[in-house]
Structure formats: C-alpha cells, structure tokens
Amino acid sequence: MQGPLINRTGRVVSLLLGERPSLTLRAGEVVRAEVLNVASGNTVSIRLKGMVIEAKTEMPLRKNETLMLRVEGAGREVRLRLVGREGGGSPEALRESVLSALKGLSSARLDAEGLRAAARLLRALPAPVREMLPQLSTIERLIPGIERLASGDPGGFVESSGILFETKLRLLALRLATGGVYGNEARAAEEAFSSMVKGDLKGALLSLQDSLRDEALAGRLLRHNVNPDSLNTAVERLIRNIEFHQLQSRLNDSLQVFIPFIWKELRDGELIIRESYSGKPPARRYSCIVNIDLEGPGRVIAHVLLQAGCFHVSFVTENRAFADLLNEGLPVLERQFEASGLRAGSMSARYEEKVDTGKAVSEGLDVRI
C-alpha cells in the first residue's frame, strides 16, 4: 500500500489514503497528530488516533511536534486544516508560518466577478437539487444584492460573512462549558450550533461541503445533470476566500472582510475595521476603511475614523470627476450624520492619480482633524 501524502497549501493539510486503514475521521472534528520521526526525502511518521502512519509532506515538520488539525474531508481523500500547534514556538517561527500560509492562500482570494460567478452557479441549480441541499437558500440569503444594504444592518452582513465563524464556535463552547445552555445539554448544543450555522456564511458553506461528500447524494445530483465536483469546487473557492481574509485579519491585527454583496458595478472590494492606540488622549481610535474598484470611477477608498466621539470621513479616488461629485455631496453626508445623532468632524474628498489600497491597509489614511 502506498503511504498517505500530506500536502500543505496555506494552512490546509491533505491526507490521501490508498487502501484506507481502520482510521475513523469525522468531518468537523479536531484531531491531535504527533510527529514521531522526520526522515530524508520529506518522509515523516505521525501518530494519529493511536495509529502510526508513514507520510510524505511538503510542509516542514519537526520531530516531537504536535499539530491540531480539523477534519474537512471523508472517504479516501481527507483534508485536514491546521488550526494550531501545541507548545507554541518562537516569534520568528510564528511569523514565518503566517507568511507561508498567506502566500499559499493568496491565489484563493476572489474578486467581485469570482464571487458573482460562484453565486450564479448556486442560484442556477434546479429546484429538486435545492430541496436536497437546504444550505443553498441560507448561502443566497447571506450573499445578497447590494440593494439590501439600504434596508439592512451593515454590521449584521459583516458578522454573517464567515470571518467570525471560529470566534462564534469558541464563544458557544465557552457558553456550554460555563453552563450557559440549560436543559438537555446535547440537544441544546445541537440547536445552538444549528442556529449559528444557519446565520453564518462559512458555517453554511462547510455544511454544504459536508453534504456533497455523500456518495448517494452525488448520484442524485448527476441524475439532475449537476456535476458534484464542479459544485464542490465553487463551494471550496468561497470557503478559501473567507479564510484568506481571516488570515489577513490576523496578520494586520484588524477585521478584514470581502464586500459581502452581489454588486454589478463592483470589480473588487474589501472592508477593514481596526482599533488603534495613539498613546495620548483620546487614546483609542476606531477606523473603517472601504476599498472598492468600480466600473467607471475606478479605485475609491473611504475611511471613517471615530475618535473622541467624533466621526471624521475621508475619500480618495483616482477619478477627478468622481472626486468633484463626492465633494459636492459632503454637506449632505454631514447632515445625515447629524440627523442620526452622530457628531460629524472633518470631511474631505480628494483626487490622486494612483490610489494605493495596500498602503491604506498597512498604514491607514491621512485624516486631517
């Protein structure tokens, strides 16, 4: 039997089993893997659930290292996602690990057209397939059209975008551990988890991905002229797009989100929320940066800064005519802030020949107060 192969792509580990050994892995569970030996040719021995497995790896591992892995596959191909390492490590090793993961996930980032294409594929599925996969209606609800922004809660759309999925899981686990869920604990935990998944894009996508691994369901999909592999690829792309922004958030000490809307004129976009400390009163500042690339106006950065109870707004655009329009609308924006009971501070819009969104993320924008 050919030994399993472990490949690392970002933080993803794939465990490929030829003849499947008596190893039981359930999608969603977190398993502990101990590295027993590292030989030449990237050959390692690991202990997983009491079994010693010979493996090939492209991921640098050290003897006696312990990995925490989340199971995301079943059958002969089991994908395991690295969620942590026991024992920590040096800051340099941690930085290298994060940068390596980011490099591996960089190609996973979807632009607006990629998001629209995946959404179109899901929406085009026939009614019988939609009945088999109830997660589809949840996913469509959580990736709405841009018109929903005016009638919905922007914070709610960010919260349900999947970026905070693991945080919600930890909070639910803590709630259970501290007795925050009463009655029949198993049933209460199941209901709480189900409710969380239904309200979170990543949770719904992972649930859909798990359903697609069912061989009987795959056969039924084929009878309706739906290729399970193509559908699974679209779901995987959406999941990895979320995980790219999760990793960016950790790396930049911020909350970084793709624009979770279907917006025809949008070519690309992201939302960054950050808390910073200035070191002098008022010390804490809160920023929201929206980077968008629109058909027509081109790249636009909107930066909202909350400091000392006052909101300061700055726009930067590479389209001179659009900058003029924004300046004309600033008085209206100021009145809208005041009508909402919010203190408006400085407001500006300016033209720049080249807008660097990367600099805005790393350094913030110049908001003159």
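The values are calculated or read from the model by the stated rules, or taken from the named source; none is laboratory data. Quantities reported herein were computed from a predicted structural model and do not represent experimental measurements. Neighbour counts are summed over all protein chains in view; Cβ atoms, including those assigned to glycine, are modelled from backbone coordinates with ideal geometry.
Okay, here's what the table says:
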quantity: Odd one out for THR178 among (1) at pLDDT below 80; (2) touching a helix residue (DSSP H, G or I) at 6+ places or on another chain (Cβ under 9 Å); calculated: (2)
quantity: Wholly within segment 198-304, strands (runs of 3 or more DSSP E) carrying at least 3 residues that are over 22 Å from the mean Cα position of the chain (by Cα) and surrounded by fewer than 19 Cβ atoms within 10 Å (Cβ to Cβ); calculated: 284-294
quantity: Some residue of segment 320-329 being in contact with a helix residue (DSSP H, G or I) (Cβ under 8 Å, 6 or more places away or on another chain) and either without any contact (Cβ under 8 Å) to a residue 24 or more places away in the chain or not hydroxyl-bearing (Ser, Thr, Tyr) (or both); calculated: no
quantity: Residue that is on the phi < 0 side of the Ramachandran plot, touching a helix residue (DSSP H, G or I) at 6+ places or on another chain (Cβ under 6 Å) and not assigned by TED's automatic domain parsing to the domain that holds ILE163, where the choices are VAL235, VAL226, VAL257, VAL290; calculated: VAL257
quantity: Where ALA339 falls short, out of the listed (1) without any contact (Cβ under 8 Å) to a residue 60 or more places away in the chain; (2) surrounded by 15 or more Cβ atoms within 10 Å (Cβ to Cβ); calculated: (2)
quantity: Filter result for GLU58 (modelled with pLDDT of 70 or more and not assigned by TED's automatic domain parsing to the domain that holds LEU208); calculated: no
quantity: Verdict on ARG76 being modelled with pLDDT of 80 or more, surrounded by fewer than 17 Cβ atoms within 10 Å (Cβ to Cβ) and over 20 Å from the mean Cα position of the chain (by Cα); calculated: no
quantity: Yes/no for VAL313 being more than 17 Å from LEU255 (Cβ to Cβ), at pLDDT 90 or above and touching a strand residue (DSSP E or B) at 6+ places or on another chain (Cβ under 8 Å); calculated: yes
